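Student: Handing you a structure now.
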Amino acid sequence: MRDFSGAVALVTGGGGGIGAAEVRLLTERGATVCAVDIDEDAALGSGAALAIGADVADREAMAEAVDRVVTQFGRLDLVFCTAGITHRPATLRVLEPGTAQRVIDVNLVGTLNTLEPAIDPLIASRGHAVLVSSMGWPPNSEFGTLLPTLGGVAYSTSKVAVEMLGRGLRIELSPYGVGVTIAYFGPVDTAMVRLTNVPPTRSSERLRISPEKAAAGVIRAVEREKVRVIIPGRWNFLNVVRPLGVHLDNLLLRSRKQRDFIRTYDSA
Ligand SMILES: NC(=O)c1ccc[n+]([C@@H]2O[C@H](COP(=O)([O-])OP(=O)(O)OC[C@H]3O[C@@H](n4cnc5c(N)ncnc54)[C@H](O)[C@@H]3O)[C@@H](O)[C@H]2O)c1
């Protein structure tokens, strides 16, 4: 079991939502935490020992942030790549140019930018990295995730790529004793879900869990050195149907409700 007491952690997206809850819980468990957030005031308000305003999509800024943590605290044991964005549901056809690319830049390139400079410090401490994928995104949450996200294909693309980044890094870093956890959240009650869950349905609202519960789940997984964690566990069964791939997509094509969503998002 991994012990957080005395550990030094860096949490991206630490100013809000799940990242802010991770900062709080890790601090409570005795870690010294650095919160990195594009919203510097939010990072400052997180209660972290160190707050850094930085955009994860900015490679140099992230290298500087990692360097600052190691210089100030002498080590880096845990990296939580939690920063992520999406946009209001819309098809690629109608989305403002640059929006889809920004989603990939923050969610995928941002995770890479956070981890690459952290590799040597993590090796030095035999530390642990957390990458955040996704179990899905309302309104198609009733199908789980394993489908292209309606109105957000760049988002689901980024999250599938993050998963592969985590799997590859786990293999590369395992000889050095560095652990990797890939976290797949279902709907969590944060600003992100409120932006995307339109129109909200009673069932999609009921399925949301709190950011604290999401953060506690991922921290428990790191403690137990789990490679993969689906939070909440009720979505575990979706992994069983995952190999169906495009056959699952056909379910979307056949569903009138989903077709209605696509029509709405195509005129957004
Ligand atoms: N909320 C959900 O239902 C849900 C489900 C699955 C996965 N996720 C993933 O969990 C992670 C956290 O999501 P959340 O719901 O807490 O989101 P959120 O919007 O509530 O919080 C995200 C935080 O990241 C910060 N941030 C955004 N862009 C940034 C950037 N470029 N650089 C640095 N910081 C940046 C924001 O300022 C904010 O504080 C994301 O990776 C998201 O994709 C969320």
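Student: When the chain is treated as a GNM, springs tying every alpha-carbon pair under 10 Å, which of 178, 66, 241 comes out with the largest mean-square fluctuation?
Tutor: 241
Student: Hey, which lysines would be in cross-link range of residue 226, C-alpha to C-alpha under 23 Å, not counting anything within fewer than 8 residues on its own chain?
Tutor: Result set, ordered by chain and number: 159, 213.
Student: Also, I was wondering about something else. Rounded to the nearest 500, what is the 222 nm mean residue ellipticity of the chain from helices alone, with -39500 (n - 2.57) per DSSP H run of 4+ residues and division by all residues? Could the numbers behind the result be given before it?
Tutor: On the way: 13 runs with 120 residues, N = 268.
After summing the helix terms and dividing by the residues of the chain, the value is -13000 deg cm²/dmol.
Student: When the Kirkwood hydrodynamic radius is evaluated over all pairs of different C-alpha atoms of segment 13-136, what value in angstrom, to one decimal, is obtained?
Tutor: About 14.9 Å for segment 13-136.
Student: How many angstrom lie between the C-alpha centres of segment 202-231 and segment 68-108?
Tutor: So the separation of the two Cα centres works out to 19 Å.
Student: Using θ = phi - 60° and the Karplus relation 6.51 cos²θ - 1.76 cosθ + 1.60, list the HN-Hα couplings for segment 82-94 in order, rounded to whole Hz, with x at every Gly or Pro.
Tutor: Rounded to whole hertz, the list is 9, 4, x, 9, 8, 9, 4, x, 7, 6, 4, 4, 9.
Student: May I pose another question? Per residue, what volume in Å³ does the convex hull of the Cα atoms of segment 98-237 enclose?
Tutor: On the way: hull volume 15.1 nm³, N = 140.
Given the Cα convex hull of segment 98-237, per-residue volume reads 108 Å³.
Student: Still on this model: Once you have the alpha carbon radius of gyration of segment 8-266, what is it after dividing by 2.2 N^0.38 Å, with N set to its residue count? Walk me through the numbers before you get to the answer.
Tutor: Values: Rg = 17.8 Å, N = 259, 2.2 N^0.38 = 18.2 Å.
For segment 8-266, the normalised Cα radius of gyration comes out at 0.98.
Student: Multiply the residue separation of residue 191 and residue 244 by 0.36 nm, subtract the distance between their alpha-carbon atoms, and state the gained length in nm to one decimal.
Tutor: Details: separation 53, 0.36 × 53 = 19.08 nm, distance 3.16 nm.
Additional length available on full extension: 15.9 nm.
Student: Also: Would you mind getting me the FRET efficiency between residue 116 and residue 223? Use the beta-carbon distance for r and R0 = 22 Å, nearest 0.05.
Tutor: Efficiency for this residue pair is about 0.30.
Read-outs: derived from the displayed coordinates by stated rules, not from any lab. These numbers were taken from a predicted model, which means no experiment stands behind them. In this analysis, Cβ positions are derived from the backbone assuming ideal geometry, glycine residues included, and neighbour counts consider all displayed protein chains.
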